[in-house]
Amino acid sequence: MKLDKIWFGGDYNPDQWDEKTIDEDMRLFKKAHINMVTLPVFSWAKLEPEEGRYNFEWLDRLLDKLAANGIGVNLATPTTAQPAWLSTKYPEVLPVDIQGRRRTHGMRVFFCYNSPKYHERSAAIAGAMAQRYAHHPALKIWHIANEYGTYCYCPICRGKFIEWLQKRYGSLEKLNERWFTSFWGRTLYDWQEIQLPTELNDDYRFNPTIQLDYMRFVTDSTADCFTNEYQAIRKYCPDIPIQTNMSGYIKKLDQFVMAKRMDIIGWDNYPWPTDDKSLVALKHDIMRGLKGGQSYMLAEQSPNQQNWQPYNRLKRPGEVRMLSFQALAHGADTCLFFQMRQSVAGQEKFHGAVISHSGRDDTRVFKETARLGAELEKLSPVLPGMRSKADVGMLFDWNNWWALENSSGPNRDINYLSTVNLYYRAFFEKNIPVDILSEDASLDGYRVIVLPMLYMFKPGLGDRICSFVQNGGTLIATTMCALVDENDHCAFGEYPGPLKDVLGLRIEETDALLQNAENRVSLDGESFPCTLLCDVIHLEGAKCLGCFEQEFYAGSPAVTVNEYGKGRAYYIGTQPDRALLERVVTKLDLAAVKPGSRDLEITRRFDGENEVIFALNHAQEQGFIDLGSTQYTELLTGAPASGTVYIAPNDVGVFCRRKDI
């Protein structure tokens, strides 16, 4: 889908305000160039004060007012926060936690995603809203619930889990085989013997395959919960796109599964002050990768500080602008905030907002927001729908994430997302674009495929990787790669299982380094530190590029390359430091989007022959980009640009090559 413009605005909670304040908000919204608000996310209790009795009149007036002021609506079903009457009348909608406790009413996203009564009532209000507002001029897109991610361990979920397992495996014999229940004498003889993995049995820690299946089940159940409302809306709104927003803490649910149910991806970007800029960029690229490169929605970010971090640092002048342009540079077509007006009470009363408690339009944050809104209007005729293109594909998998970090050994400090970011950053810092791919994505068109700690290899992947290299591609594989199958069963035979031949080596054992300990790798006459894990490698056709310097395996291979068919495969048998990984990436001879200074983040979006290049200067000193002889238009200033263009500290340049500009 392609948006009509860059949507700018965010979450608005007008049920907290009187008419005078709402009228003032309309004035302020227009002054800040706001063209989209998300509502009424948390208003179920107001919209349905008792079962089956709806109160839509206040929302009617509000939508009419927004339409009259030229502001579109991302219309949310309010089902993330069920009313107290629903929890009281039907307590089975409340979740049971991992300790086996039935929770009481409160919080948000505090419902059992499998509860038939929750499904019934959430579909009812979603359908009622869709029927009423299907043709309202303010409606642009639907937003279902909010930040799914609750895990539930109630009797309903246990019954649904058993049904899910019966469908997945077909027989107890197959389940016993896949769960390897012969270990620790866990063989099952009746489906009703199956329990959910909780703190009551410690299976979530000590039975890795049942925990893995439970997390798959939670994802499928949550996707069904979303689809329940999706179908209720689609009955009345066949052409309006529907989505939900994903939490920035994205580990809980397999977002590739969730994405298949959505028309467009939405996600909430709340980086910690200590996050490397590459980690933020990586998460954006993950979102773009969920639907094969389709542009996505930045559904939330804070226009100033958060309220839930231990130290809620103010965003410095220009920081929100930089974060917003970074999202657009990586594939977003929206820039939406939480929140538009700051709440006067509640848990998020100190969370940043476009309009602060003062209500003034001369605050630093409001003026920065208004400037950003005006700039995005200049990009709107060009950017929406443009895509990115990369020579490097990086495989990313939620099942792998769960299984790897739930494994007992070899090192408790293994962090999948941090490892993915380590490898991603090596390309990011050279402005080499990376596509994030699912395990079943096509590898065609990529020059390089990277497998950072891809511990789990699902059926067929090994053959596809080998064919990719044999046909001329370059592979980078790492320690903890290709060790188990989709059931978390170790490769029967030598490691690294299906990659053994293409890598030209075998791994005899893996040493886990103690916390803060390191080994070193000699490569190209230099010495580099390495941490976490060290593989004991035997070459079987591969060439050693770098050797370990310490321990009993000193002098044995740490970094290797193997010629295989028309391609080559690198293996890095440890956790390298940035300098070592940069040295390996340099050997790939990949070109940056455009040459530029080191701290300049440069990306490209295109549609056919038209392109937009973003240059983001994260440094405290002036940077530059070399546009060569091609003639561009700098969209924020309208000035022509070519050759070397300088970018001020903490500033951005947006350069467009298009026939009609």
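Do the conditions hold for S324, that is, is it among the small types (G, A, S) and in contact with an Asp or Glu (Cβ under 6 Å, 6 or more places away or on another chain)?
no
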*Tell me which residues, restricted to the stretch 214-260, are among the hydrophobic types (A, V, I, L, M, F, W, C), at pLDDT 95 or above and assigned to a loop (DSSP other than H, G, I, E, B).*
C237, I240, L253
*Run Q550 past the list (1) of a type in the set (S, T, N, Q); (2) closer than 14 Å to T478 by Cβ; (3) outside any strand (DSSP E or B) and report the number of the one that doesn't hold.*
(2)
*Which members of the stretch 128-153 meet the condition of being crowded, with 20+ Cβ neighbours inside 10 Å and small (G, A, S)?*
A130, A138, A145
*Which of (1) farther than 27 Å from L3 by Cβ; (2) modelled with pLDDT of 95 or more; (3) not hydroxyl-bearing (S, T, Y) does Q347 not meet, given it meets every other one?*
(2)
*If a residue has to be at pLDDT below 95 and on the phi > 0 side of the Ramachandran plot to count, how many in the stretch 396-431 make the cut?*
1
*Some residue of the stretch 274-283 being closer than 17 Å to M1 by Cα and of a type in the set (S, T, N, Q)*: no
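Restricting to strands (runs of 3 or more DSSP E) lying wholly in the stretch 291-399: which have 3 or more residues that are more than 30 Å from A482 (Cα to Cα) and touching a Phe, Trp or Tyr at 6+ places or on another chain (Cβ under 8 Å)? Walk me through how you get there before you give the answer.
Values: elements: 297-300, 334-337, 392-395.
Ranges flagged: 297-300, 334-337.
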_Against the definition (of a type outside the set (A, V, I, L, M, F, W, C), modelled with pLDDT under 95, assigned to a loop (DSSP other than H, G, I, E, B) and not assigned by TED's automatic domain parsing to the domain that holds R425), how does D263 come out, yes or no?_
no
_Residues (of a type outside the set (S, T, N, Q) and surrounded by fewer than 13 Cβ atoms within 10 Å (Cβ to Cβ)) located in the stretch 85-101_ = R101
*If we scan the stretch 39-46, do we find a residue that is surrounded by fewer than 18 Cβ atoms within 10 Å (Cβ to Cβ), within 20 Å of H119 (Cβ to Cβ), over 30 Å from the mean Cα position of the chain (by Cα) and of a type outside the set (S, T, N, Q)?*
yes
_Residue match in the stretch 176-193 (condition: small (G, A, S), more than 24 Å from W58 (Cβ to Cβ) and touching a residue at least 24 places away in the same chain (Cβ under 8 Å))_ = no
*What's the number of the condition L279 fails, among (1) within 21 Å of the chain's Cα centre (by Cα); (2) at pLDDT 95 or above; (3) within 18 Å of W402 (Cβ to Cβ)?*
(3)
*Which of the residues that make up the stretch 476-506 are among the polar types (S, T, N, Q) and in contact with a helix residue (DSSP H, G or I) (Cβ under 8 Å, 6 or more places away or on another chain)?*
T478, N487
*Could you say which residue among L376, L372 is farther than 30 Å from K458 by Cα, in contact with a helix residue (DSSP H, G or I) (Cβ under 6 Å, 6 or more places away or on another chain) and not small (G, A, S)?*
L372
*Name the pairs: first residue in the stretch 616-630 and touching a residue at least 60 places away in the same chain (Cβ under 8 Å), second residue assigned to a loop (DSSP other than H, G, I, E, B), Cβ to Cβ under 6 Å, at least 6 apart or on different chains?*
H618/D599
*Out of all the residues in the stretch 418-447, which are hydrophobic (A, V, I, L, M, F, W, C), in contact with an Asp or Glu (Cβ under 9 Å, 6 or more places away or on another chain) and within 24 Å of A259 (Cβ to Cβ)?*
F428, V434, I436, A441
*Taking the stretch 321-352 as the region of interest, how many residues are in contact (Cβ under 8 Å) with a residue 40 or more places away in the chain and either within 16 Å of P40 (Cβ to Cβ) or of a type in the set (F, W, Y) (or both)?*
10
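The values are calculated or read from the model by the stated rules, or taken from the named source; none is laboratory data. The shown structure was predicted, so the numbers you read here are calculated from the model rather than taken from an experiment. Neighbour counts run over all protein chains shown; Cβ positions are idealised from the backbone, glycine included.
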